[in-house]
Amino acid sequence: QIQYVAMRTKAFCKNANVPVILCGDFNSQPKSYVHRYLTTGSVNAKRVAPWYAHYHQRRMKDEESQNNEGDKNMQELSSDVTADLNKIHISEDPSNKSAEQNKVRYILDYTLNRFCRWMRILGLDAALETDEEEIQRTKYGNMILFQRCREEGRTLVTTSSRLLQRKDCPPGAYLLDTKSLSNLESTLVHLLLSHGIKLEPNKMLSRCVVCNGSIEPVFEEERKQQIFESHQAPDGLNDEILDVYQCDGCSQGYWWCEKPTSSASRVKTQATRLLEICISGGVEVDSDLGMFSFVDVEKIKNKSSEDSEEPSYMKQD
């Protein structure tokens, strides 16, 4: 909002170098980002984005880990003390949030169904604007999408530049281009790198691609049969199925089958391709590859370095 005021003021003065006095209640204290922008002319917009704290905390932890390598004894002592303090803190503060809650959460506009599906396959918390929310936004100007960003602590991903131009647009919104499949893939890499995301392959395929809920294993035979019947599974399928799962949100059923032509195998193939694209682009990946242990991370990294000194996503305008 203050950037818009500054731009309008500049236009009003017709770029003339004349003194200007801004009056009003800016709801901002000295040293705030608004104050810094007015006094210095620039500010790091990333710092007010909802995903910045997650990225900054991870970077600080990495730097701290590197600085402590020189003194193992002190590191062990510090770890013991920290562990004791953490136990006290957790026991005394029931509202303590887990690391899972501190991860970056996304919400995508209605047009990004495919991109949202990719993110869910990678195990990322990605909500999608509903049909009703899209109608309210485009026809009546009710920005439920913005409201969800603030209430749920999500970062907005959109293809609409007009949304970003609105004064009530949440900070840290990400604009992407969907003109081609290659653009979409490189954008996925750029998004994850910008937000400091570390992929955890052992958690991939753990989110429902329909509603973003968690996929939980089903052990009871009666429930398995109910899932097969509700999804009109062919007879005899139970003999080919290894594992059955169900979403804890929408109750969507999933089952794993080793046949190459099965939907489960096709999804795993797609997940493998997305993982390899991210690795090739430089996205950090956890060492626990889970069911993707066949992926040669180092080989992909080396091949990417040989093919191009500069990744394609860095060449975007």
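The values are calculated or read from the model by the stated rules, or taken from the named source; none is laboratory data. In this text, all values refer to a predicted model and were calculated from it rather than measured experimentally. No Cβ is skipped: glycine too gets one built from the backbone with ideal geometry, and neighbour counts run over all protein chains shown. Just so you know, the surface numbers come from the protein's heavy atoms only, side chains and all, with ligands and any DNA or RNA stripped out. Shrake-Rupley method; radii C 1.70, N 1.55, O 1.52, S 1.80 Å.
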>> At R0 = 25 Å, how high is the FRET efficiency between residue 305 and residue 183 if r is their beta carbon distance? Nearest 0.05 is fine.
In response: 0.65
> On average, how much accessible surface per residue is there in the stretch 134-256, in Å², for a 1.4 Å probe, leaving out ligands, DNA and RNA?
Replying inline: 55 Å²
> Does the stretch 126-239 come out rounded, prolate or oblate by the C-alpha gyration tensor, with a ≥ b ≥ c the root eigenvalues, rounded set by a/c under 1.5 and, if not, prolate when a/b is larger than b/c and oblate if not?
Replying inline: prolate
>> Checking the table 198/301; 203/268; 198/299; 268/299; 103/203 against a 22 Å threshold on Cα-Cα, which pairs fail?
In response: none
>> Taking 30 Å as R0, compute the FRET efficiency from the Cβ-Cβ separation of residue 219 and residue 132 and round it to 0.05.
In response: 0.25
>> If I compute solvent accessible area with a 1.4 Å probe over the protein chains, what percent of it on the stretch 225-307 is carbon and sulfur?
In response: 46 percent
>> Output needed: percent of Cα pairs per 5 Å distance bin for the stretch 218-302, bins running from 0 to the one holding the longest distance.
In response: 3, 12, 20, 18, 13, 13, 10, 7, 3, 0
> Counting only protein chains, not ligands or nucleic acids, how are 152, 222, 129 ordered by accessible area (probe 1.4 Å), most first?
Replying inline: 222, 152, 129
>> Full-extension gain between residue 295 and residue 20, please, as 0.36 nm times their residue separation minus the C-alpha to C-alpha distance.
In response: 93.0 nm
>> Could you sort 219, 26 by their accessible area in this structure, using a 1.4 Å probe and putting the largest first?
In response: 219, 26
> How much of the accessible area of the stretch 124-190, probe 1.4 Å, is carbon plus sulfur, in whole percent?
Replying inline: 46 percent
